[in-house]
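Below: the structure, in structure tokens.
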Amino acid sequence: MCGIVAYLGQKNAQPILIEGLKRLEYRGYDSSGIALLGDAEVTITKSVGRISALEEKVGVDVSAATLGIGHTRWATHGAANTINAHPHVDYTGKITLVHNGIIENYATLKKWLESKSVEFASETDTEVVANLIGYFYSHGNSRNGTKVPASGNKFEWAVQEALNELVGSYGLAIICSDYPDTLIGAKKGSPLILGVGEKEFIIASDASAIVEHMTQAIYLSDNEMVIANRDGFKTKTIDNIAVSKSLKEIEFSLDAIELAGYEHYMQKEIAEQPEALATCMKGRIDLKSNRVVLGGLQNHLRKLASTKRIILTACGTAWHAGLVGEFLFEQLARIPAEVEYASEFRYRNPVINDGTIVIAISQSGETADTLAAIEQAKERGALVIGAVNVVGSTIARTTDAGVYLRAGPEIGVASTKAFTAQVAVLTMLAIELGRRRHLSNEYAGELLREMVQLPDKVGLILKQSDHIKEIAKANIDRDNWLFLGRGLNYPVALEGALKLKEISYIHAEGMPAAEMKHGPIALITDGMPAVFIATRCSQYEKIIGNIEQVRSRGGKTIVVATEGDENIKQYADYLITVPDTDEKLQPILNVIPLQILAYHAAVLRGHDVDKPRNLAKSVTVE
Ligand code: F6R
């Protein structure tokens, strides 16, 4: 879970690397570094903390090097210090590389290298890769006795031999001081893209580090490597079989990844939800036939509609979206559904019957746990559908078919617009499956007409930001919060609690409101904030009862209610209203005030909203 970027071309590499690292900083931000190769000499600069610290350290364009690699780190092996920060250099000083992923057999390889008197400087698994390549390169033969071919490129050969020894995951960018015109990239399990310009190339973990300089890219698949030099590039498998990759247009513009006047990406992404939802639904809802058209699933809809069981699998926020999906598949399509934490699914020998369909939900499309669950499901013969935001991501490519969320780039670590798009996609799918089963044309029509109004209704909620900020301010000193909802609002409560804790570091618990009386009610003390999602729904009267239970014990109630609900006012210490909509669609509206509440709480507490401590945007380790 790190970001890598590398440049080879005609321009000064340093500013391109620093800018690229800034764009990738969301992937990890505990330390960073760059290596520049000029005149057969590699200059490395590393720094602990944010990219701005590295930028300060390297100074302004001190190197004219046109080849270089960079890295921003989220520590897995070894503390966040400059010794463990990347780039790592091998013991001969010739090979320098950056790595995103985990080398699972690093201890075995390290032992072998140490038996050959190779010394290590860091605690990282990555240094093993550098030293292994360096060892093969300097000896001209590999661990299994293969020798460098007489006519071959020794650098390329050594990298390839080393890659064949690695167990685990990697996105790698590698340079060698003897080859000042060559940049090598390799991928397995971690994302890697090659941006292709006019006699220039950028290797990066994602397109955000590329799009400013070039608009076309190739997406490497697992076990593939790319060898770029100043005239062109070639791609092959790590078994040395040539592969031809097609150039793809990078699908988003620079504007989509800039702050555009907002103070934080999270703030921008919350505000972008009307547009993101509209784009997500565009061309997919047909109000004439009351049907949903999901192009990527067209060939699988019959199977989906007749399946006996759907398993939704995901992590974190995407898992909360899965809980909404579970409810809707059961309610609208009457298909038994269950939601699994991807991290648990893999290790509990899941029963996957003939006809089980697995839906994997992910913003990044790179989450290691979700990928592992997909592999498990595929091995057992399930059809696996993806609901993914990042185009061309590993999950998007690994699943049998899928629907893109079309939420646009999400950079703030806390997921916001991807959540509402995930719920929108699952809702559309549930409606379409329902139409193919028991759902009436009339009700499907009602729901779909309501759905297309959601972007405007979200826009109205966004206007209450200042009011919600006042609520956050009034409760900002409270260190324990509860989030409570019932039915479809239970996942919303979970999501509200997760948002608050991950960016404001306030302890928050989300739960079904009725469960509170079975234990957590003991937590309620005078003035403790309890956020209730109590919009008009089939359990409205019941949740009023739960609110009273909290008030009678001194808790402060922050109530999200339906606009125009006069009755609710007597139960709310603080009231936030949302426009009315069908109960099945309420999660998309009701989560918005909770995102805004968490955002303001984090800002008021003075935290780095977009880069909360200990977190990274995509979790590519298990
Ligand atoms: C929370 C958050 C995480 C992610 C989770 C899955 O705000 O962003 O909980 O939802 O790590 O990530 P994706 O959706 O990329 O698979």
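Each value in this text was obtained by applying a stated rule to the coordinates, not by laboratory testing. Keep in mind the model is a prediction, meaning the values are calculated, not measured. In this analysis, Cβ positions are derived from the backbone assuming ideal geometry, glycine residues included, and neighbour counts consider all displayed protein chains.
Descriptive notes on the structure:
- Rounded to the nearest 5, the antiparallel percentage of DSSP beta bridges internal to the chain is 60%.
- Using a Förster distance of 22 Å, the FRET efficiency for residue 178-residue 199 (Cβ separation, nearest 0.05): 0.55
- Cα gyration tensor shape for region 76-119, rounded if a/c is under 1.5, else prolate or oblate: oblate
- Over every Cα atom in the chain, the radius of gyration and the widest Cα-Cα span, Dmax, amount to 25.7, 85 Å.
- Put simply, when 22-33, 37-48 are sorted by average Cβ atoms within 10 angstrom per residue, most first, you get 22-33, 37-48.
- Shape class for region 282-365: prolate, because the ratio a/c of the largest to smallest gyration tensor axis (alpha-carbon atoms, square roots of eigenvalues) is 1.5 or more and a/b beats b/c.
- Charged-residue dipole, Cβ positions (Lys, Arg, Asp, Glu), region 258-452 about Cα centre, Debye nearest 20: 820
- A simple count of charges around residue 326, restricted to other residues whose Cβ falls under 12 Å of its Cβ and scoring Lys, Arg +1 and Asp, Glu -1, yields -2.
- In this simple spin-label approximation, residue 443 and residue 82 carry label points 7 Å from Cα along the Cα→Cβ vector, and these lie 6.6 nm apart.
- Rounded if a/c under 1.5, otherwise prolate or oblate - region 454-577, Cα gyration tensor axes: rounded
- For the chain, size of Cβ-based charge dipole, Lys and Arg +1, Asp and Glu -1, in debye: 1140
- Computed [θ] at 222 nm, deg cm²/dmol, the chain (DSSP H ≥ 4; -39,500 (n - 2.57); rounded to nearest 500): -10000 deg cm²/dmol
- Annotation: peptides 325-332, 457-464, ranked by per-residue average of other Cβ atoms within 10 Å with the highest first, follow the order 325-332, 457-464.
- Label-to-label distance, residue 515 versus residue 108, with points set 7 angstrom from Cα along the beta-carbon direction: 4.1 nm.
- Cubic angstrom per residue, convex hull over Cα atoms of region 258-452: 104
- Highest mean packing comes first when the peptides 605-612, 194-201 are listed by Cβ atoms within 10 Å, giving 194-201, 605-612.
- ³J(HN,Hα), Karplus 6.51/-1.76/1.60, whole Hz, each residue of region 490-507, x for Gly, Pro: 5, x, 5, 4, 4, 5, x, 5, 4, 4, 5, 5, 6, 10, 10, 6, 8, 6
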